[in-house]
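Have a look at the structure below, then the notes.
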Amino acid sequence: MQKSASAASLGPGGIDLSQIFFKPTQNTSTPSPTKRHTKISVIGTGNVGMAIAQTILTQDLADELALVDAKADKLRGEMLDLQHAAAFLPRTRILASTDYSATNGSDLCIVTAGARQNPGESRLNLLQRNVEMFQGIIPPLARSSPDTILMIVSNPVDVLTYVAWKLSGFPSNRVIGSGTNLDSSRFRFLIADHLDVNAQDVQAYIVGEHGDSSVALWSSISVGGVPVLSFLEKQQIPYEKEALERIHKAVVESADEVISLKGYTSWAIGYSAANLARSLLRDQRKIHPVSVLANGFYGIAGDVFLSLPAMLGRGGVLGVTNVHLTDEEAQRLRNSARTISEVQSQLGL
C-alpha cells in the first residue's frame, strides 16, 4: 500500500513510460549531498493527524510524507484523497502503510495516535491504555529511524512525551511534545483581541503542563516590544489580577469549548505542529513553548517533561530560554511539574 497505481507503467506490456518520456541529459553527475531529502512521518490518521498532514503538505515542509495507522482502509482512503490534490500542492511523495517500515529514514516522526476515553473511565486507566499503545509505536519508530526527532502530540502530551523518551532510548533533545505551543497561540490571540492588535506582535507564553496546572507568564508579556505589566505600572494604570486569571482560564478551557461545539479539535493543532516542524527541520532556531525534559530548569528536579520556552532547530531542542519568572510564577511551575510527576510515578516505567 505504498502508493497508488501510476500511469508510468501503463505503456504496452507494462513498459515504464517515465523512463522513455524524457531523453536523459549527457555527462551528468550524482546529486549534491548537500541537498537534503526531507521525510516526515505522521502516526495516526484521525482528525488531528490528517490536519497536521494537510498543513505539512500545503506549507511544503517535506519531500516525502508517510502516513501510518492500524485501519488499512481509512489509511488508503486518506492517502488517495491527498494524492488526488497533487496538482494543487507542492510536489511531495505521499505513501501510507500499516507497517512502520514505511517510516524508514524519517527526519521527523509526529505521533498523534491515542486511545479515546470510555464513559466512566478514569484518566489513569486511559493513560495506561495509551502507554500500552505507545509500546507498540515508539520502539519500531526508533528502529526504523534511529536519527529522527520524535514529536508527541497525543494527550496527555507531557506524560506521553516522557513515555516516548523512555521507550525510544533517544537523547532528550530529540524527543519533544507539542506541549503549550498551541495554548500560547490561544493566549496571544486573546491578548491581541483584548488590545485590538495583531497576534504576531504579542509575545506571551503559557508554560508547564498542557492542562489545568499550566502557568501564564504574565510578567514576560510584551506587545511590540513593550512589556505590558511594567508599562501599566509606570503609567500608574491599575489592572485586576482577576481579569488576568480569566484570560488564562479561557485559554485552558478553549479546547473543551471547541470539542463541545464540533466534536474534536484539528486545525489549530495542525498549524501548531507544522509550525514546530518548520522550526525543527529548517533549523529556524525559533523559541517555542514545548514539552521538554525539565530537570535542572527553574528549580525542577527529576525526569519530568513539561513546556518551557525552548529554541528548536535541526538538532531538536537546542536550549531552554532563561526567561525571568516572578517567585509566584516559578512556584506555580514547580507545582505543575509535581502534578505531572505524581501521574508518571503510577506508570511503573
Inter-label distance, nm, simple model (7 Å from Cα along the C-beta direction), residue 314/residue 283: 0.3
Equivalent ellipsoid semi-axes - Cα gyration tensor, the stretch 52-140, angstrom: 28, 15, 12
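Work out the FRET efficiency for residue 244 and residue 28 from their Cβ-Cβ distance, taking R0 = 45 Å, and round it to the nearest 0.05.
Details: r = 63 Å, r/R0 = 1.40.
Computed FRET efficiency for residue 244 and residue 28 comes out at 0.10.
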With Cα atoms, 0 to 90° folded angle of helix 327-344 axis to the chain main axis: 50
Quarter of Cα convex hull surface for the chain, i.e. mean projection, nm²: 21.4
Probe 1.4 Å, accessible area per residue of the chain, Å²: 52
Estimated inter-spin distance, residue 91 and residue 261, nm [label 7 Å along Cα→Cβ]: 4.1
The chain - percent of accessible surface contributed by carbon and sulfur, probe 1.4 Å: 52
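Express in % the proportion of alpha carbon pairs of the stretch 267-307 at distances exceeding 17 Å. All intermediate terms of the calculation are to be shown ahead of the outcome.
Numbers: 363 of 820 pairs.
The share of Cα pairs beyond 17 Å in the stretch 267-307 comes to 44 percent.
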Gyration tensor over alpha-carbon atoms, the stretch 127-206, equivalent ellipsoid semi-axes in Å: 33, 14, 8
Dipole-positive endmost among 296, 21, 58 within the chain (Cβ charges, Cα centre): 21
With at most 14 other Cβ atoms within 10 Å, longest stretch of the chain clear of loop chymotrypsin sites (Phe, Trp or Tyr not before Pro) (DSSP): 23-238
Additional length obtainable on full extension of the chain from residue 98 to residue 328, 0.36 nm per residue less Cα span: 78.0 nm
Antiparallel DSSP beta bridges within the chain, percent to nearest 5: 50
The stretch 157-210 versus the stretch 37-51: alpha-carbon centroid distance in Å: 19
Cα gyration tensor of the stretch 241-348 - equivalent ellipsoid semi-axes, whole Å, descending: 23, 22, 16
Longest site-free stretch - the chain; sites: GluC sites (Glu not before Pro), DSSP loop, at most 13 other Cβ within 10 Å: 1-120
Computed label-point distance, nm, for sites residue 303 and residue 349 using a 7 Å Cα→Cβ extension: 0.9
Per-selection Rg to Rh, the stretch 55-99 - Cα, Kirkwood hydrodynamic radius: 0.97
Residue 249 accessible area, assembled protein chains, probe 1.4 Å, Å²: 110
Gain in span if fully extended, residue 132 to residue 20, counting 0.36 nm per residue against the direct Cα distance: 35.3 nm
All Cα pairs of the stretch 25-83, percent lying beyond 17 Å: 46
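The values are calculated or read from the model by the stated rules, or taken from the named source; none is laboratory data. Since the model is a prediction, treat every value here as computed from it, not as a measurement. Reconstructed Cβ throughout: ideal geometry from the backbone, glycine too, with neighbour counts over all protein chains shown. The area values use the complete protein model at the heavy-atom level, side chains included, leaving out ligands, DNA and RNA. Shrake-Rupley method; radii C 1.70, N 1.55, O 1.52, S 1.80 Å.
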